[in-house]
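First the structure, in the form of structure tokens, and then the observations on it.
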Amino acid sequence: MSAARPYANSSQTGRRLLESMAANSILPIERFDHRHGLTSLQVHQTVCSRDGRIWSATPAGLACYDGVSIKMFGHKQGLSSHGLRTLAVSPDDNLWIGTDVGVEVLEISGPAPVVLWSKPIGTVNCLDVVEEFAAIGTSKGLFFWRGKPEIFPSKDNTLAHATITSVLISKAKSIWVIGPVIGLKALSSSEEKRVLPQRRKMIGMPLRLAHGPEGTILIGAERGILNVKENAEIRQLYSHDNPVNSLTYHDGKIFAGAGKNLIRIDPHAISSQNTEIIQEDVVAHHIMIDHFENIWISSGDQSLLKVSGISRTLSGNYDLPIGPIMCVRQGPKGLLIGGSRGLLLENRTIILEETGVWDALVDGYGKVWAATDQGLYCMVNPYFTIPYRHNESDVLAAPGRALCFYEGMLYASSIRGLARVGPEGPQEILDERARSLGYVYSLHIGPKGKMWVATLGRGLWQFDGDKLTRIFKDEIVDNVNVYSICHSVAGDVFVAFGNRISKIDPQGAFSPLIETDDPIAAWSIQCLANNQLAAGSSTGLAIYDAQTGVIINKISGKFDDVPWEFTTSRSLAVLNDNTIYCGLGSGLRTVQLGELAKLDIQPSATLAYAEWRGVGPEKNAGSDICVKQGNWHLEIGIRTCWYLDECTMRERLLGFEDNWSPFRPLHTIRYTALPKGAYTLEVEIRSPLMGVGPVTQIYSFAVI
């Protein structure tokens, strides 16, 4: 007998229940430092150019990350100063830099930036650029640029000589500025001063400006954030104990660096639940969000940090006190979640503490049945759980594995066989020779009302209520380990066994579908909408095309601190054709298929540089690069502005080889002393999340 323990008091069920259990989502983070080529621990600001490259202002120069490596630019590349403080990308995709000595404007369409013009106006702390207009905040006042390589000081005397620490050009083209002496000020585009009500009593000294929703302005201050309209009318106030030194608005959320925490604010949530910490112990000078929704943090002491944009698809990291998750089952009022240390019921009560629960179901009378490491258990009421007829059945007393209801009766499997639990008591289901099925791992009610039985060591079986029939289908032999079974709306049955997943169509035809490098293709499989198949393995969650077996997405620990190791055939559940609940050795996670489908940008390669040594390449009339035969060397750099996960690449040089190289981590490509001929380098990028991108022709040349 086991007494139940209430985990919390709540009437929530289903997904709302789980959302209320989710801990603050500390998202996976990646640090870029000297190992990647970034030579400064301090990064002031980071921006993203149109081609996806990431540019950072540091005290040691300009850093550019192209998806493969970071390159630093300084005096040797024409910059007037190494001391960079602020950046902005103009609408024409030029890079504006505020330095210790003034402003520089760079053309960045090529592999290396080229200085277009510069103006020495003193230390530049902040700047903002729109069409043919820029506002520049310095330690010696506010300056403006109006479409020509000339910069003018503000006509307002109070701003012309004041220290400006934050500047913003609003959607209505008014100029908002902050300084330690002037506080918060606003001007029209013609520099007509506007009177703003002072809010220091409410939020303290203003520190940072950012664009807010619907043309509003966000003001970060010593004690929180104000969201104000263009006329300075307060729209919302978010109080906070720590000063807000950086902030940005993206996709309905406010992201802010507050003290040593990165926080996310949901303006639509109630005030007591609208703020969550998404990264701790980081001082954020600046926050930028790229088109993949990666959060780039310019840090005061940790170089450049990236919080993975995979948070779009991973909506929950649930803090459940029941250990590794063994099963996720839909009950009449919500989810039943079994772990290595108990079963969490729909009402947030924990039963069977310190007991491994492999499967759980609720019958029509409201009783909860659990297959546990200690045999079959039945919960008659919320505080009374008993072992069920262990003295009558070796199958029910043995470590349990799977449960299902079939033709009105409960079937329970264990490492010693399969039993039916009926009114007359338990009855073991035996094969045609009256032998036990042994280790029965999974049960599944398939099409045409038959139960499919997966065993470890005795293959695949089908049961019609009276008779067991062995399923022989090519590689599914009598001694194979079968792990999981599912079926589609069209009646196709999918079977995961060994390192393969195969399909059996409604006519019984068998066809191999997927073969993996892992020894076990999937512990658990589930059919999804749109002819897709979800497979949870020891190395992550894979989404396959159910007709071709081609992998569409792969979510693994490569971009997440949480290991993605599925546990059992019941550890994968799909709700509402959108949310996948993943029972992992590290806990429970959820994946939003709708958000995953939005990641429609495929990983692709572009040319970073081509460097010839020992020869001077020439162009012929056809504009091809030509070199003469000889002892020369060619080095080609690749870039890919895909920042969601760790990519690999493969290449082939047409004219020299037809076969692709193996996929390897991103790398430079080198050739030397090739024979006469015409050559074209092709590259493919493979992302674990999105699969293989398009074939890209990177570079063509001829040897004459």
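The values are calculated or read from the model by the stated rules, or taken from the named source; none is laboratory data. Predicted, not measured: the structure shown is a model, and the values here were computed from it. No Cβ is skipped: glycine too gets one built from the backbone with ideal geometry, and neighbour counts run over all protein chains shown. Remember, those area values only see protein heavy atoms, side chains included, never the ligands or the DNA or RNA. Shrake-Rupley method; radii C 1.70, N 1.55, O 1.52, S 1.80 Å.
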**Study point:** Per-region count, the stretch 266-299, residues of a type in the set (Gly, Ala, Ser) and surrounded by fewer than 18 Cβ atoms within 10 Å (Cβ to Cβ)
**Key:** 3
**Study point:** Gly78 being crowded, with 23+ Cβ neighbours inside 10 Å, in contact (Cβ under 8 Å) with a residue 24 or more places away in the chain and not hydrophobic (A, V, I, L, M, F, W, C)
**Key:** no
Check your understanding: Quick one: what pairs do we get from the stretch 530-552, first residue within 12 Å of Ile514 (Cα to Cα), second charged (D, E, K, R), C-beta under 6 Å, 6+ apart or different chains?
Key -> Ala542/Lys554
Revision key, fill the gap. The lone condition Trp358 fails out of (1) over 21 Å from Ser413 (Cβ atoms); (2) within 31 Å of the chain's Cα centre (by Cα); (3) outside any loop (DSSP other than H, G, I, E, B) is (1)
Review point. Out of all the residues in the stretch 170-184, which are closer than 15 Å to Asp128 by Cβ and open to solvent by 60 Å² or more (accessible area, probe 1.4 Å)?
Key: Lys171, Ala172, Lys173
Point to revise | Among residues of the stretch 222-236, those that are closer than 23 Å to His286 by Cβ and either of a type in the set (A, V, I, L, M, F, W, C) or free of Cβ contacts under 8 Å to residues at least 40 places away in the same chain (or both), counted | key: 7
Check your understanding: How many residues are outside any loop (DSSP other than H, G, I, E, B), touching a Gly at 6+ places or on another chain (Cβ under 9 Å) and open to solvent by 20 Å² or more (accessible area, probe 1.4 Å) if we restrict to the stretch 634-668?
Key -> 1
**Study point:** Looking only at the stretch 459-499, and only at residues there that are charged (D, E, K, R) and modelled with pLDDT under 95, the one that is surrounded by the most Cβ atoms within 10 Å (Cβ to Cβ)
**Key:** Lys473
Check your understanding: Given (1) open to solvent by 10 Å² or more (accessible area, probe 1.4 Å); (2) in contact with a Lys or Arg (Cβ under 6 Å, 6 or more places away or on another chain); (3) not acidic (Asp, Glu), where does Ala521 come up short, assuming only one miss?
Key -> (1)
Point to revise | Residue ID - surrounded by the most Cβ atoms within 10 Å (Cβ to Cβ), chosen from residues in the stretch 128-169 that are outside any loop (DSSP other than H, G, I, E, B) and of a type in the set (Val, Ile, Thr) | key: Ile136
**Study point:** Residue within the stretch 669-681 that is part of a strand (DSSP E or B), over 18 Å from Ala610 (Cβ atoms) and either in contact (Cβ under 8 Å) with a residue 12 or more places away in the chain or within 29 Å of the chain's Cα centre (by Cα) (or both) present
**Key:** no
Review point. Are any of the residues in the stretch 240-250 more than 23 Å from the chain's Cα centre (by Cα), more than 26 Å from Gly300 (Cα to Cα) and open to solvent by 20 Å² or more (accessible area, probe 1.4 Å)?
Key: no
Point to revise | Number of positions in the stretch 525-579 that are open to solvent by less than 40 Å² (accessible area, probe 1.4 Å), among the charged types (D, E, K, R) and either touching a Leu at 6+ places or on another chain (Cβ under 6 Å) or more than 29 Å from Ile278 (Cβ to Cβ) (or both) | key: 1
Review point. When you go through Val395, Val421 one by one, which is the residue that is closer than 15 Å to Trp369 by Cβ, touching a Lys or Arg at 6+ places or on another chain (Cβ under 7 Å) and open to solvent by less than 20 Å² (accessible area, probe 1.4 Å)?
Key: Val395
Check your understanding: touching a residue at least 12 places away in the same chain (Cβ under 8 Å) and over 36 Å from the mean Cα position of the chain (by Cα), is that true of Trp176?
Key -> no
Check your understanding: Can you find a residue in the stretch 31-41 that is touching a His at 6+ places or on another chain (Cβ under 6 Å) and modelled with pLDDT of 60 or more?
Key -> no
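To keep it simple, each residue is scored yes or no on (1) assigned to a helix (DSSP H, G or I); (2) open to solvent by 50 Å² or more (accessible area, probe 1.4 Å); (3) in contact with a helix residue (DSSP H, G or I) (Cβ under 6 Å, 6 or more places away or on another chain); (4) at pLDDT below 95.
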residue	(1), (2), (3), (4)
His82	no, yes, no, yes
Arg85	no, yes, no, no
Leu106	no, no, no, no
Ser109	no, yes, no, yes
